[in-house]
Structures are given as structure tokens and as C-alpha cells.
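The values are calculated or read from the model by the stated rules, or taken from the named source; none is laboratory data. Predicted, not measured: the structure shown is a model, and the values here were computed from it. Cβ placement follows ideal geometry from the backbone for every residue including glycine, while neighbour counts extend to all protein chains displayed.
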Amino acid sequence: MAGSLKPYYIGLGVIALAGATLIYAARSRGGDVTAVDVPPLAPGGAVFEGHVIGGDSAPVTIIEYADFECPACAQFAILTGPDIKQRLVATGQVRWIFRDLPLSMHRNTMSAHHAAQCAGEQGRFWEMHDQIFFNHGRWVPERRPERALRDLAHAILVDRGRYDECMSSNRYMPRLQQLQADAAARGISSTPTFEIGGQRVSGALHYDELKRLVDRAAAAR
């Protein structure tokens, strides 16, 4: 019995080591910070602003450009996202805008972004955002990810009929394509990318580095 379990425990050790390595790398790697003249978002609703958390009175607005299939975006959402929501958004320091940027190099990302839009139609965007990032292994490797994404949507209690109709209609594809074009026009081609005040930052930031940039942007006002 003990002999038969040995490969199992070896496998667990390998998984744990790999996870620890990823977490260490994500926490220790900083972003590439560039001071740029950041243009405002398209006026008049020409392009969907993005999904927003935080009040309009927050002194600093951060725009995140992310791809749901991007591993660095998933690491950022898992490791840094909870701190951002609790310590920056909930305290009124930051208004956070998530802008979809599905990259053409990723096979399944457009399906995931459309699934999030359909969940957002029912007021569940952020819940689906978390489900998609926290369950990368369930849908990213799939040849057809729709079933796995549907299961994730059902886990957050969306209305199944409305969700299925939304997905089959592809009605948010024009929005996603507009967001892709807008990001390209702004010179953004990689994820995650953040716009914080007058600075553009590429890469999965750890919380302390993000907080320094927020403080700097607030002081510059």
C-alpha cells in the first residue's frame, strides 16, 4: 500500500514546488514603468469604458488591460487582486477599470471574454472574472472551452437560459473588437498593462509596487 502511494506523494511535491516557484516569481518581479502622455478614454461612449469598481470620487483611477488566457494576468488577479479590492478600492483610494484585451495569440481567450460579458449582463462580471482566472486549468487547455466556461457561469448562479442565449448570439463580439482596436490605437499590445495617472506600466505588479505608484499619482494631483 505504502509503495503504491509513493508516486502520488512525489506528484504532490512537484505540484507544490511548481506553485511555490510561480508565486515567488510573480511576487518578486516588478513591472516595466514608462512615463507617457496617456490619452483619455474615447469620449461619448464610443468605446465601452470597461467594468468598474470603486467610486467616482477616488483620487486615482487605474485602467487594467488584461487577457483572460494570459498567465501573468491570472497571477496578478489571484495574488494581488484581493489586496487591491480590500486595501485600495474599498478604502476609496482607487477607482479600478478592467478593459478586455483578448490577444490573438490565445486560442480560447475570446470565448472567455465573451462569457464574462454575458455574465456581466446579469450583474455578475466580477464574479465571472474571478472564476475564469482562478480556474485557468479547467478551460484554457480545452479545444472547445464553452462547456467549461458554462459550468463556471452556473457556479455563480447566472440565469442559464439568458447566459446560453447571450453566448450563442455573440452579441458582445463587436464590443470586444472595439476594445482590441482602441488598445492598439493607444499603443498597448501586451497584458497585463496598467495606466496609472501619467504612467503606463507593463507586467504583473506586486501590491507594494502598485501602492507606490498610486501614492505617487495621488500626490501629483
Specify which of the listed residues (Arg221, Arg175, Arg200) is in contact (Cβ under 8 Å) with a residue 40 or more places away in the chain and buried (at least 20 other Cβ atoms within 10 Å of the Cβ). Arg200
For Ile78, state whether it is touching a Lys or Arg at 6+ places or on another chain (Cβ under 7 Å) and surrounded by fewer than 20 Cβ atoms within 10 Å (Cβ to Cβ). no
Give just the number: which of (1) outside any loop (DSSP other than H, G, I, E, B); (2) crowded, with 21+ Cβ neighbours inside 10 Å does Arg162 not satisfy? (2)
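Consider Leu157 carefully, then state whether it is at positive phi and either without any contact (Cβ under 8 Å) to a residue 60 or more places away in the chain or surrounded by 23 or more Cβ atoms within 10 Å (Cβ to Cβ) (or both). Spell out how you get there, then give the answer.
On the way: at positive phi: yes; either without any contact (Cβ under 8 Å) to a residue 60 or more places away in the chain or surrounded by 23 or more Cβ atoms within 10 Å (Cβ to Cβ) (or both): yes.
It is true that Leu157 is at positive phi and either without any contact (Cβ under 8 Å) to a residue 60 or more places away in the chain or surrounded by 23 or more Cβ atoms within 10 Å (Cβ to Cβ) (or both).
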Test for Phe133: is it modelled with pLDDT of 95 or more and in contact with a strand residue (DSSP E or B) (Cβ under 6 Å, 6 or more places away or on another chain): no
For segment 48-105, which residues satisfy the criterion of being under 17 Å from Arg200 (Cα atoms) and part of a helix (DSSP H, G or I)? Ala72, Cys73, Phe76
Does segment 83-99 contain any residue that is among the aliphatic types (A, V, I, L, M), farther than 24 Å from Ala218 by Cβ and modelled with pLDDT of 95 or more? no
When residues of segment 106-136 are filtered for being surrounded by fewer than 19 Cβ atoms within 10 Å (Cβ to Cβ) and part of a loop (DSSP other than H, G, I, E, B), how many remain? 6
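From Gln131, Gln122, grab the single residue that is farther than 16 Å from Ala183 by Cβ and in contact (Cβ under 8 Å) with a residue 40 or more places away in the chain. Even if it seems obvious, please write down each step before you answer.
Details: Gln131 fails: in contact (Cβ under 8 Å) with a residue 40 or more places away in the chain.
Answer to the check: Gln122.
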